[in-house]
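Chemist: The structure follows.
The values are calculated or read from the model by the stated rules, or taken from the named source; none is laboratory data. Since the model is a prediction, treat every value here as computed from it, not as a measurement. Counting neighbours? That spans all protein chains shown, and the Cβs are built from the backbone with ideal geometry, glycine included.
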Amino acid sequence: MTLQLCISPCPNDVYIFAGILLGHVAHPELTFETTYLDVQAANEAAATEQFDIIKVSYAAYPALKTAYELLPCGGALGRGCGPLLLKNGDAPFDPTQTVLAPGAQTTANFLLDFWLNNPPLREAGGGRRLGAGGRQYLPFDTLYEELRTVPGAQGVVIHEKRFTYEADGLTLIQDLGEFWEAQTGYAIPLGAILCRRALGLADPVAALIRESLTWADSHREQALALCREHAQDLTDGVIEAHIGLYVNAYSYDLGSEGNAAVDYFTSNWN
């Protein structure tokens, strides 16, 4: 059986799946055809069940539970790895101005809402609810380019941009993941690997993903070479930092702590 796999071209995804993508990890009855999509495009594709196995935002998962099963490995969850709210310039955050976000169903957008509308903030002084400017959703690369080039622009960045924004002259308003951790105590659920329930293949697919990650750790240079092919605009240092931050013990197994974070996160998403 050939399964349709969808992940992002980001270094953490490519690294985790490197064993599968390079053919070093295989199943006697399963093969994979791989598509690479931006996170919001993947969220939208999952809504129409275009793929058998797909990486989506945890914020998109509650609406997908009927069709897809959450796998306990292969995703992105951790601490100190959340989206960043940035501004072009030194002025403070302006709630009346448009905020750029990488997609309505992204974890980044959820964490922006969490920061804007957190009840203690509202009680302390009205919070930071957005005014007429509202929100504009853009693919994360397009978003970053607008943020970098438009004076006064403000928006939420994800992925490897957290390693490069200072060099691009952008200012940190709020580390949204840090705020989430401080308020809840939970790790940050970013991206989830889902498998279509109708297939009944969650266990063997999860085993393959774990084997693929183990292979990547044992053949790091080969895995990194594949990551470079999909991230040619990134330096080796940024690729290594990206993998070091987003590939961790939760990538191999969510465990009780990871599952608790996911349960809390998804129960608060609406």
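Chemist: Out of the stretch 173-188, which residues are exposed (fewer than 14 other Cβ atoms within 10 Å of the Cβ) and not in a helix (DSSP H, G or I)? Walk me through how you get there before you give the answer.
Modeler: Of all residues in the stretch 173-188, those exposed (fewer than 14 other Cβ atoms within 10 Å of the Cβ) come to 182, 185.
Scanning the stretch 173-188 gives a single hit, 185.
Chemist: How about the stretch 218-260: which of its residues are of a type in the set (Ser, Thr, Tyr), surrounded by 13 or more Cβ atoms within 10 Å (Cβ to Cβ) and part of a helix (DSSP H, G or I)?
Modeler: 246, 250, 251, 252, listed by residue number.
Chemist: Exactly one condition in (1) outside the structural domain of residue 89 (by TED's automatic domain parsing); (2) more than 20 Å from the chain's Cα centre (by Cα) is not met by residue 166; state its number.
Modeler: (1)
Chemist: I'd like to know if the stretch 54-61 contains one or more residues that are surrounded by fewer than 22 Cβ atoms within 10 Å (Cβ to Cβ), touching a strand residue (DSSP E or B) at 6+ places or on another chain (Cβ under 9 Å) and in contact (Cβ under 8 Å) with a residue 12 or more places away in the chain. Full working, then the answer.
Modeler: Of all residues in the stretch 54-61, those surrounded by fewer than 22 Cβ atoms within 10 Å (Cβ to Cβ) come to none.
Within the stretch 54-61, none of the residues are surrounded by fewer than 22 Cβ atoms within 10 Å (Cβ to Cβ), touching a strand residue (DSSP E or B) at 6+ places or on another chain (Cβ under 9 Å) and in contact (Cβ under 8 Å) with a residue 12 or more places away in the chain.
Chemist: Going by the conditions given, is residue 38 charged (D, E, K, R) and either closer than 26 Å to residue 227 by Cα or touching a Phe, Trp or Tyr at 6+ places or on another chain (Cβ under 7 Å) (or both)?
Modeler: Yes.
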